[in-house]
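The values are calculated or read from the model by the stated rules, or taken from the named source; none is laboratory data. Computed from a predicted structure; not experimentally measured. With ideal geometry, Cβ positions are generated from the backbone for all residues, glycine too; neighbour counts draw on all protein chains shown.
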Amino acid sequence: MKKILFIILIASISISCKKFADAPALMFDVTTAKTTYKVGEKIDFRIAGGDAFQISFYSGKVGNSYAYKDNKRVDALKELYLSFETHNAPTANAAIPKVMISNDFNGIYDYENLSKATWVDMTSRFTFGAPAVFDTGWANSTTQEIFSLTEKGKPFYIAYKYVAPAVPTGTVPSANWRTRAHVLRGVTLFGNSMSLATYTTMAWKQIKKNPLATTGSVVSASIMLFGAPASTSPYYRQEYEEWGISKKFQVDDIDLGVDYGTSIKQYVDLPISNYSFSYDVAGTYTVTFVASNTTANSNNKALKEMVITVTP
């Protein structure tokens, strides 16, 4: 029993000395059979010197690039898209809806303050639903780019301006107008696609030019309804203006922080001779392997970079 304990003690001392001795020199290299692969194709990285104490892998993808291991990656929107659905009730005297955007609205949701803001009309970019029987004939607006209408460093608001024309005499037709199914989506400089808002999360607020006008207008989780004043309203037969304005959005830089490598071998792991990886997006990637023999007394490091092209 004493002999066994003595052997274990000697082994422990040997490992401890190895940890605190000078690190051995590195003989490290990585090769591949080719440099061009297809999306989803397995890449076999052959590793020489896989007995290094630690080995890290950087794929070159966003969040895993050696070039950004010490430098914060700052992303920013480069594209912005909006889409929605609309529906008009049948009417001989149609309401006039417009979709607008502002970079200087102050966020105070009343008619006086929205009137002070500069609103850019972007209605012509979208398709609107034609008059149809209630809750039929919903039309997709098509997805349109609106980033060109924003200003860097300034918030923006999206709005619908609805005007029901005056009807001095005769029958007052239905003038209801509805919109739903909003998607506001951004694409960043580094190719990240992100959903910025849906109908609900755009947090619509309605503003009426004539606050005392009574209408059937409501805002719910699925539909925004604009309707002209009822016969009991003092504004009956008069022109009626109402707005639906979103919450504030910001086109700002996005701090993604530094990138980190993927550890593929630690001190306690057995030596490795290969590492496999595949890409899900076509592009050109700078792959980096970092090997190191680190002890309390020294730190030997070797770096191997290669460019991998990934085709669709």
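Does residue 41 count as touching a Ser or Thr at 6+ places or on another chain (Cβ under 9 Å), assigned to a loop (DSSP other than H, G, I, E, B) and in contact (Cβ under 8 Å) with a residue 60 or more places away in the chain? It is true that residue 41 is touching a Ser or Thr at 6+ places or on another chain (Cβ under 9 Å), assigned to a loop (DSSP other than H, G, I, E, B) and in contact (Cβ under 8 Å) with a residue 60 or more places away in the chain. When we screen 188, 142, 198, 150 for residues that are over 17 Å from the mean Cα position of the chain (by Cα), among the hydroxyl-bearing types (Ser, Thr, Tyr) and not assigned by TED's automatic domain parsing to the domain that holds residue 285, the only hit is 142.
The residue that is nearest to residue 31 (Cα to Cα), among those in region 241-272 that are in a strand (DSSP E or B) and of a type in the set (D, E, K, R), is 265.
Scanning region 156-185 for residues that are more than 18 Å from residue 86 (Cα to Cα) and either surrounded by 20 or more Cβ atoms within 10 Å (Cβ to Cβ) or not assigned by TED's automatic domain parsing to the domain that holds residue 130 (or both) yields a total of 2. Scanning region 266-312 for residues that are charged (D, E, K, R), touching a strand residue (DSSP E or B) at 6+ places or on another chain (Cβ under 6 Å) and modelled with pLDDT under 95 gives a single hit, 301.
The strands (runs of 3 or more DSSP E) falling completely within region 49-117 that include 1 or more residues that are assigned by TED's automatic domain parsing to the domain that holds residue 159 map to 74-88, 96-102. Being assigned by TED's automatic domain parsing to the domain that holds residue 30, aliphatic (A, V, I, L, M) and out of contact with any Pro (no Cβ under 7 Å at 6 or more places or on another chain) holds for only one residue in 302, 203, 230, and it is 302.
Is it fair to say residue 275 is aromatic (Phe, Trp, Tyr), surrounded by 14 or more Cβ atoms within 10 Å (Cβ to Cβ), on the phi < 0 side of the Ramachandran plot and outside any strand (DSSP E or B)? Taking the combined requirement at face value, the residue does not satisfy it.
Considering region 122-179, and only residues there that are among the charged types (D, E, K, R) and in a loop (DSSP other than H, G, I, E, B), the residue that is nearest to residue 245 (Cα to Cα) turns out to be 154.
Checking 238, 250 one by one, the residue that is within 30 Å of residue 73 (Cβ to Cβ) and assigned by TED's automatic domain parsing to the domain that holds residue 105 is 250 and no other. The condition (being in a strand (DSSP E or B), surrounded by fewer than 16 Cβ atoms within 10 Å (Cβ to Cβ) and hydroxyl-bearing (Ser, Thr, Tyr)) is satisfied by just one residue among 201, 284, 232: 284. If you scan region 200-236, which residues turn out to be among the aromatic types (Phe, Trp, Tyr) and farther than 17 Å from residue 174 by Cα? Hit for region 200-236 is 204, nothing else. Take residue 222 and tell me if it is closer than 29 Å to residue 178 by Cβ and crowded, with 18+ Cβ neighbours inside 10 Å. No: the conditions fail for residue 222. In region 182-193, the residues that are under 16 Å from residue 63 (Cβ atoms) form Cβ pairs under 8 Å with partners that are surrounded by 15 or more Cβ atoms within 10 Å (Cβ to Cβ) and at pLDDT 90 or above, at six or more places apart or across chains, as follows: 193/185; 193/186; 193/187.
Can you find even one residue in region 42-52 that is surrounded by 11 or more Cβ atoms within 10 Å (Cβ to Cβ), in contact with a helix residue (DSSP H, G or I) (Cβ under 9 Å, 6 or more places away or on another chain) and modelled with pLDDT of 90 or more? No.
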